[in-house]
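Read-outs throughout are calculated quantities, based only on the coordinates presented, and are distinct from any laboratory measurement. A quick note: this is a predicted structure, and the numbers were derived from the prediction, not measured. Backbone-built Cβ (ideal geometry, glycine too); neighbour counts: all protein chains shown.
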Amino acid sequence: MSPSKAPSMDFETFYNIIDGKPRSSKAIHHGVNPATGQELWDVPIATEKDLNDAVAAAKKAFPAWRDTPIEKRKELLMKFVDMYNTYIEEFTTLLCKETGKPRKFAGIEVGAVGAFIGYHCTLKIPEEKFEDDEKTVYTEYTPLGVCGGIVPWNFPLILSVGKIAPALLTGNCIVIKPSPFTPYTSLKLIELAQQILPPGVVQAVGGNNELGALLTAHPDVAKISFTGSIATGKKVMEVSAKTLKRVTLELGGNDASIVLPDVDIKKVAPEVAMGAFQNSGQVCVATKRIYIHESIYREFLQEMVNFTKSIRVGSPDDSDNLLGPIQNAMQYEKVKGFFADSKAKGYKFAAGDPDIAASKGFFIQPTIIDNPPNDSRIIVEEPFGPIVPTQPWSDLDEVIARANDTKTGLGACVWGKDVEEAAKIARRLEAGSVFVNSWEKPTPQAIFGGHKESGIGGEWGTTGLLAFMNAHVIHVYKS
Ligand code: NAD
């Protein structure tokens, strides 16, 4: 029997979700549709009491959820997916409004929720057994307890689910704090989950950065799974140290893409550009530096420019648009700084206009900077917007060193006809996820995390489950 829609759901009223129930607050804020500048619906700002109540409810719910057999937990999660899938259109519209992303791409994110939870429900929690004459040693894993998930604004829905799926599957309870810029889809998703899951198992508290800090400091929270900027990640780790919380930090990156001389230029150049401009560059693993072999540099750059100039930027509702706006005013100003700096330093704009100005929406035409110096801001820092530098290279060891010459190490790409050769280069790049002949497309089937300042630990896939668990080793002696 196909699931019916929940009678109480409307997509215009938003609540925090505490102990299975919707809760309002005296204090409210609202998001802004970045494509139109229009104010969106009110959302309650959770108070410290709301947060404490949520953590207390999670603590109460934890023993029963932990002791629920994993097959039953999977059954409930899949039942939730079935119900969620009856709301695909509503979630897609909501995601378009809160992020401004084109409907096609919002649809991909909304559709990924079922795929994400579904894949996690096929996984087994790893265990090991060692035996000798004297003893048997069982290495097992147990859930941590109450977890907190802190989420950014670029993929608000899937990054919430990327924490909820492994946390619940492994028997933890989780409290999600969405970004104040994009609270809507996460709050609705978690409200809907109350139809299926016991109270306290998954909850949502919306609010500002201060609420994130309170969640991080809470003594009854065993782990924080944080996705966001490097600067905030460092604060989360510092505060977590006080209670020795487990932390997973999924932070920013400065991905290099290395283009080898033997590529099919016409085919690969638009793909490399898409790696940089996906979601208007607002992707932790977007390509942020492009290194093209000098023998094809001009031709390859020209193909990238041709493709980039053909990209349509605008409203989510026009299906011809490939890119939407920058998600918020603060980020728009930050990205503008990279344009101003590149212009002031006299760098060459191969595509795009140095003088950007927002109208009703925070739209920016994708932009390529041709061969800025190694110490330029656009090479060294993460713009998190649709502006990317290209540089030529001639010596493989030197370009690998240049790609690795960053404090971050989240993603990277290598493009070449000889796949074996390209994969060898991929293994020399200091990044958590390296893609050969594709732009960065993280998948729930593998752990996702960064090297160096791009983060600590990782989640997703079987290895990622362990981020939500304690090792619990039982040594059984035979006599
Ligand atoms: P941000 O660090 O400003 O905010 C992220 C979240 O942290 C928000 O919910 C915010 O309210 C909360 N927060 C802020 N201050 C806090 C504090 N002191 N304690 C606890 N929580 C606090 O990041 P953002 O601007 O929302 O997101 C953009 C950044 O996120 C980029 O750098 C991007 O690369 C990174 N990102 C990383 C990944 C990844 O998986 N590695 C994925 C998406 C985005």
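Summing +1 for each Lys or Arg and -1 for each Asp or Glu among the other residues whose beta-carbon sits under 15 angstrom from that of residue 312 gives +1.
Checking the Cα-Cα distances for 336/417; 334/452; 348/441; 49/334; 235/360 against a 25 Å cut-off, the pairs over it are 336/417; 348/441; 49/334; 235/360.
With a cut-off of 12 Å between beta carbons, the residues surrounding residue 367 carry a summed charge of +1, where Lys and Arg count +1 and Asp and Glu -1. Report summary: the helix-based calculation at 222 nm, which adds -39500 (n - 2.57) for every DSSP H run with n ≥ 4 and divides by the residues of the chain, gives -11500 deg cm²/dmol. Distance from the C-alpha centroid of segment 87-132 to that of segment 56-76: 20 Å, rounded to the whole angstrom. The trypsin sites (Lys or Arg not before Pro) of segment 84-188 meeting both criteria, a DSSP state outside H, G, I, E and B (loop) and at most 13 other C-beta atoms within 10 angstrom of the site's C-beta, are 124. Here the extension length gained between residue 28 and residue 8 equals 5.0 nm, from 0.36 nm per residue of separation less the Cα-Cα distance. For segment 411-428 versus segment 277-312, the spacing of their alpha-carbon centroids is 18 Å. The loop-placed trypsin sites (Lys or Arg not before Pro) in segment 23-74, going by DSSP, that have at most 14 neighbouring Cβ atoms within 10 Å of their Cβ come out as 26. Using the Cα coordinates of the chain, the gyration tensor eigenvalues translate into equivalent-ellipsoid semi-axes of 38, 29, 20 Å, sorted from longest to shortest. Remark: relative contact order (segment 71-208) = 25 percent; criterion is Cα-Cα distance under 8 angstrom and separation of 6 or more residues.
Give me the distance in nm between label points sitting 7 Å out from Cα along the Cα-to-Cβ direction at residue 401 and residue 443, one decimal. Distance between label points: 3.5 nm. In segment 255-444, Cα pairs under 8 Å separated by at least six residues give a relative contact order of 28 percent. Work through the residues other than residue 391 whose Cβ is under 10 Å from its Cβ and net out their charges, Lys, Arg +1 and Asp, Glu -1. With Lys, Arg at +1 and Asp, Glu at -1, the net is 0. Longest stretch of the chain clear of exposed loop sites (GluC sites (Glu not before Pro), DSSP loop, at most 12 other Cβ atoms within 10 Å, sites excluded): 135-479. Once C-alpha pairs closer than 8 Å and six or more residues apart are averaged by separation and normalised to the residue number of the chain, the relative contact order reads 18 percent. Think of segment 255-444 as a dipole: +1 on every Lys or Arg Cβ, -1 on every Asp or Glu Cβ, centred on the Cα centre; then among 435, 363, 270, 363 lies furthest on the positive end. Restricting the trypsin sites (Lys or Arg not before Pro) of segment 215-269 to loop positions (DSSP other than H, G, I, E, B) with no more than 15 neighbouring Cβ atoms within 10 Å leaves 242.
When the chain is described by a simple charge dipole with +1 on each Lys and Arg Cβ and -1 on each Asp and Glu Cβ, the residue from 292, 241, 208 located farthest towards its positive end is 208.
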